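Structure first, then comments.
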Amino acid sequence: MLSGQLVRHLFSMAGRVCLSRSSAGLGTIGPVEAAIRTKLEQALNPEVLELRNESDAHAVPPGSETHFRVAVVSSRFEGLSPLQRHRLVHAALSEELAGRVHALAIQTRTPAQWEGKTKDSLGRLFLINMGPYK
């Protein structure tokens, strides 16, 4: 997996980063993972989308697509609570969550949070540590 610093560097260079990694190490992206990626890109227009199939760490047959972890950085999350952000992700993936996907771990950030900057209630800028999940 790419380090947080490298992902942030790529983010600053390209403006948009989409990563995918299968924990199985096969290097292939299955149809469920491809559908998740496409739907999140269409619904949230993310600046960063990191998607990981973690199915091989669970008691499922090899090659399964049942357990995923996603990190999404999108300006669509501005002003929304964590619950509202998760609801947006769940709405975009309702078909997958109703079917083959058993578990989805979600991390959502605004672009300012991803860059480690946010404002307090008085509008003062301060730094926070909210890099990519591990």
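Observations, loosely collected:
- Region 96-115, subset loosely packed, with under 14 Cβ neighbours inside 10 Å and in contact (Cβ under 8 Å) with a residue 24 or more places away in the chain, residue farthest from the chain's Cα centre (by Cα): A103
- Yes/no for P46 being at pLDDT 80 or above, in a loop (DSSP other than H, G, I, E, B) and surrounded by 17 or more Cβ atoms within 10 Å (Cβ to Cβ): yes
- Leading residue by the ranking (modelled with the highest pLDDT) among those in region 52-68 that are within 15 Å of A34 (Cα to Cα) and surrounded by fewer than 21 Cβ atoms within 10 Å (Cβ to Cβ): R52
- For A71, the test of being under 13 Å from the mean Cα position of the chain (by Cα) and modelled with pLDDT under 95 is passed.
- With respect to the conditions (1) out of contact with any Phe, Trp or Tyr (no Cβ under 6 Å at 6 or more places or on another chain); (2) under 23 Å from E115 (Cβ atoms); (3) modelled with pLDDT under 85, L26 lacks only one, and its number is (2).
- Only one entry in R76, R85, R37 is surrounded by 20 or more Cβ atoms within 10 Å (Cβ to Cβ) and in a helix (DSSP H, G or I), namely R85.
The values are calculated or read from the model by the stated rules, or taken from the named source; none is laboratory data. In this text the structure is predicted, and so the values were computed from the model without any measurement. Ideal geometry is used to build each Cβ from the backbone, glycine not excepted, and the neighbour counts take in all protein chains shown.
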